[in-house]
Amino acid sequence: MSFDPEEELRRLLARYDLLCGIVRATWYEWRQAALEFAKPGTNPLDLVKRAWEIVGHDTAQSYFMALRKNSPTFLEDLANLIVMSSRAMGEDAVVIKSDKPNEVFVQWNECPWPEFARRYKADMEEDVQGCDQWFQTVVDDVNKHFGTKVRLETLKAIPRGDPVCLRRLWIEEG
Amino acid sequence: MNYDDLVSKWKEYYEQMPGSKMFPELFKPITIRKVKIPNRIKYAATEDNFNKDGFVTEKDVAYIRERARGLVGGICTIQGVYMDPKGEGQGYVGQAAAWDDKFIPGLKKLADAIHEEGAIANIQLMHCGRVGGVKLPYCVGPSAVPQRLRVLKPVKEMTKEEIKTCIKQHGEAARRGIEAGYDIVEISGIVGYLISNFLSSYTNRRTDEYGGDIENRCRFMVEVIEEVRDAVGKDVPIFIRLCAEELLDEMGGNTPEESMVTYKMAEKAGVDCISVTQGWQESLHSVITRDIPQGHWLYNAKRARQHVKVPLSMAYRLFKPEMANKAIADGIIDIWELCRPLIADPYLPKKTLEGKLEDIRYCIACNLCLARLFRDAPITCAVNPLVGHEWEDRWKIKPAEKKKKVMVIGGGPAGLQCALVAAQKGHEVHLYEERNILGGQVVYASKGPYGEDELYGIIEWLKRQCEKAGVIFHMNTTVTPEIIEKEKPDTVVVATGVKFVVPKVPGSNLPHVVLGPDVLEGRGESGERVVVWGGRGDGIIAALYLATKGKKVTIITKDRKPGVDVNPSYIWRYMLKISQAGGRVYRFADIESIEEKRVIIKAAYGVRIPVPCDTVVVSLREPRNELVEAAKKLCSEVHVIGDALQPRRLHNAIHDGYRVGLRI
Ligand SMILES: Cc1cc2nc3c(=O)[nH]c(=O)nc-3n(C[C@H](O)[C@H](O)[C@H](O)COP(=O)(O)O)c2cc1C
């Protein structure tokens, strides 16, 4: 039986791209439906942040299994998990090490989500704050679970017009 | 209760029994406060999901009575009861309750049954903490530390007022236990239940007097013990189960040294016996699975001995009487606890006393009981089909009205179990096995590398019992329609198990395509890169076996995940071992063609992937039932059981065998 690996991979990628597109579209379609049923005056930003918070709890739970409190690379392991999640979401992200101990950066070079936000006429700020909420919830849950003091701040965001998204993770002293 | 009479009655009996000489330590009395316990054997608390709305059912009473009877005077603990009306402490849907006096009559039925069988009744108080709230959208704990296991509920931090109420509820439940007639009150502080949540640095982040250093984290436990003591008075022993080693390092749990502080604090607060335990449900480490050797955890009891003076008891993979007797003789423990072994064989202590060790049906640590518990179902036992049916007359083996000649075809677990029951009913039973070894699929399953040899114990037990019951074995005999015709049985039981089949795909007749059993029995040599075709239990065992031999294994399964039929407490460990050895899995996948150095699989999204391999191990099964039609023509009563009916797991085979055996 003839077998053409390139053809198989191309087919897989096409189907995978389609699926990812469906997932992103569904996100905004649900947002629209939820807003239509929401109480009058509901701020879409609040709705979106709450939704990402729910996602964050779920993501955090999957991280609990992968992280070890007693690992010397705990912070970097967490950053790597964030990169892994982001890649699974169709983004292109990398971990950037810092000169300082207990500090690490995650940089997103590409992100397909703003394009969908635009298509579904969602405010770009929802994308930024939605993402922030997601990662903040993950970090908060990780702290609660492991009794750690990881902190997070967003330094750059593609939906705000920056060339990349950049987030700093560090462990608070004391 | 007159404990002196009880002890002397049992002593007299023990003296006549060989087991008391073989295992003298096990059959020595022990006195704790005013309670004199005739021997050193204790049935450990077992949640069974048999009860309804907190009320004890007849099913539970019959279950407990059976265990009490087998204990020949030992301690029979009932399942941990929850103590609050909201059900925050309830961890299991069928858990018994003690939050109101209305539960006393039911609890009394259990205590009465235990006493009627001459055993000592122990009531366990168990607030399930972060494992609780089974009927609520949340559970409670000292701090709202997010759960690791998705099945568990989000945790709400208890207020100080709630803590005080909870402590009072322990006292009230203990009082109800005493009113119901229990001799001992036990507090469960293990595996992630509320007391352990307060003790552990993983789950207790409070900044008030109930949190902080280990002494403060012990405060809740100490106040519970004091409250229970106030409720039960000075004569009643209070036992506690405490973790000697949490095995929660990855989450920042207590150090083993801190755990010993909890022991000392419990002793100081007035407990009379500590049950030494280890591990949490959330721990990443094996504790009670087969990969843990018998007696492994005794080192924790040794450690505990150096820190406290109160008697110690211990369960946890301590199944064998000789091991327990030695542990007591060596001064490591004082009381031998058993949970799963007495689910599997409630008469284990009695058989030990009678010196009938060969009759003990040992637990195979398959953890079916636990898997059922966590799925909100009543417990069952793979090797003891009677569990949960003790109260039903129709499940008892009674002499048959008409004696029949029964032909059981197949000596796997289904055939053996069926033959045993039929023979015990008085039938003339002939069991045919075409190989020279009994056990069917268990022969292969027991080749697994992580203690799976223990599985074969049930086959040996069934064989011995069949021999005692008069089953006539015909080994190395392949049954044909001619044999059925010649033997003229009244009943034929087809228990011929499965055959491994190679689906017809291009290349499936190549020489490097072999069957799983051949590999496990060392007949088929496999190359370095092996594809295991089929991801059910058999495939997993083959993959594990090969992975430990250093092979690079790829499992191809049509299922949504590998090992869908394997017990949850095993499959994640197995998959971890396989992936640590470089193994891979393709789900939703099947083999499309086989070539000399690779297979082409069709995976999710309809994508074809070439997987390099030197050997293809086929672990796909079909029922072997070709004799059924012929048997039906020759005999008016034909039963098909076990895998011959439908390939399933060991417990299905044994339960099929038992049920059909009863019907013959
Ligand atoms: C089905 C099942 C139910 C259990 N229920 C309880 C319980 O209610 N309270 C408790 O303290 N331990 C409970 N345990 C833990 C056992 O008492 C015991 O500590 C554990 O099974 C290890 O002992 P073993 O190797 O003898 O089974 C349960 C265990 C099983 C298997």
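Throughout, read-outs are computed from the coordinates displayed, never taken from laboratory work. Everything numeric in this text was worked out from a predicted model, so none of it was measured. Cβ coordinates were reconstructed from backbone atoms using ideal geometry, including for glycine residues, and neighbour counts include every protein chain displayed.
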Seminar exercise, completed: So, over other residues within a Cβ distance under 11 Å of B:Pro517, counting Lys, Arg +1 and Asp, Glu -1, the net charge is +2
Problem set entry | Placed amide H near B:His474: partners under 5 Å, 5+ positions off or other chain | B:Leu431, B:Tyr432, B:Glu433
Problem set entry | Highest to lowest packing among A:154-166, B:637-649, B:323-335, scored as the average C-beta count within 10 Å | B:637-649, B:323-335, A:154-166
For this session: For segment A:16-30, take each phi angle, set θ = phi - 60°, evaluate the Karplus expression 6.51 cos²θ - 1.76 cosθ + 1.60, and give the result in whole Hz per residue in order, putting x for glycine and proline.
Result: 5, 4, 4, 4, 4, x, 4, 4, 5, 4, 4, 4, 6, 5, 5
Problem set entry | Amide H partners (placed H, <5 Å) of B:Gln124, local residues excluded | B:Ile78, B:Val81, B:Glu186
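Over the protein assembly as shown, what portion of Cα pair distances is larger than 42 Å, expressed as a whole percent?
Cα-Cα pairs of the protein assembly as shown separated by over 42 Å account for 43 percent.
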Exercise. Across segment B:97-109, in residue order, what do the Karplus-derived ³J(HN,Hα) couplings come to in whole Hz, using 6.51 cos²θ - 1.76 cosθ + 1.60 with θ = phi - 60° and x for Gly and Pro?
Worked result: 10, 8, 8, 8, 5, 5, 8, 4, x, x, 5, 5, 4
Problem set entry | Nonlocal amide H pairs with B:Ile332, under 5 Å, H built at 1.01 Å | none
Seminar exercise, completed: Here chain B gives, from Cα atoms, an Rg and Dmax in Å of 26.6, 82
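Net charge around B:Asn300, counting only other residues with Cβ within less than 14 Å of its Cβ (Lys, Arg = +1; Asp, Glu = -1)?
0
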Problem set entry | Gain on full stretching of the segment that runs from B:Glu434 to B:Lys558 - 0.36 nm per residue minus C-alpha separation | 41.5 nm
Exercise. Per the helix-only calculation at 222 nm, which mean residue ellipticity applies to chain B, given -39500 (n - 2.57) for every DSSP H run of n ≥ 4 and division by its residues, nearest 500 deg cm²/dmol?
Worked result: -10000 deg cm²/dmol
Exercise. Dividing the alpha-carbon Rg of segment A:5-171 by 2.2 N^0.38 Å yields what?
Worked result: 1.10
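Report the relative contact order of chain A, percent, no decimals, based on alpha-carbon pairs under 8 angstrom and at least 6 residues apart.
Values: 207 pairs, mean separation 39.1, N = 174.
Over chain A, the number comes to 22 percent.
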Seminar exercise, completed: For B:Asp101, placing the label point 7 angstrom along Cα-to-beta-carbon and taking segment B:56-82, residues whose amide nitrogen sits under 19 Å are B:56
For this session: Calculate the mean, over all residues of peptide B:144-150, of how many other protein chain Cβ atoms lie within 10 angstrom of the residue's Cβ.
Result: 5
Problem set entry | Computed [θ] at 222 nm, helices only, for chain A once each DSSP H run of length n ≥ 4 contributes -39500 (n - 2.57) | -20000 deg cm²/dmol
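Report the extension gain between B:Tyr13 and B:Ala604 in nm, rounded to one decimal, defined as 0.36 nm multiplied by the number of residues separating them, less their alpha carbon distance.
Details: separation 591, 0.36 × 591 = 212.76 nm, distance 6.60 nm.
Roughly 206.2 nm would be gained on extension.
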Exercise. What nm value, rounded to one decimal, do you get for the distance between B:Glu485 and A:Ile54 when each label is placed 7 Å out toward the C-beta?
Worked result: 6.9 nm
Seminar exercise, completed: Output field shielding_mean for B:591-603 (other chain Cβ, 10 Å radius) holds 1
Problem set entry | Average beta-carbon neighbours from other chains, 10 Å sphere, peptide A:12-21 | 2
For this session: May I ask you to sort B:Cys363, B:Cys418 by Cβ crowding, counting other Cβ atoms within 10 Å and putting the fewest first?
Result: B:Cys363, B:Cys418
For this session: Using the number of other C-beta atoms within 10 angstrom as an exposure proxy, rank B:Asp208, B:Asp518 with the fewest first.
Result: B:Asp208, B:Asp518
Exercise. Hey, what D do you get for segment B:513-619 in µm²/s if you plug the Kirkwood alpha-carbon radius into Stokes-Einstein at 4 °C and 1.567 mPa s?
Worked result: 97 µm²/s
Exercise. Using a simple charge model, +1 on the beta-carbon of Lys and Arg, -1 on the beta-carbon of Asp and Glu, nothing else, what dipole does chain A show about its Cα centre, in debye to the nearest 20?
Worked result: 300 debye
For this session: List A:Lys39, B:Lys356 from most exposed to least, where exposure is judged by having the fewest other Cβ atoms within 10 Å.
Result: A:Lys39, B:Lys356
Exercise. Hey, what do the phi angles of segment B:386-398 turn into as Karplus ³J(HN,Hα) couplings, whole Hz, using 6.51/-1.76/1.60 and θ = phi - 60°, x for Gly and Pro?
Worked result: 7, 4, x, 10, 4, 8, 9, 4, 5, 8, 7, 7, 10
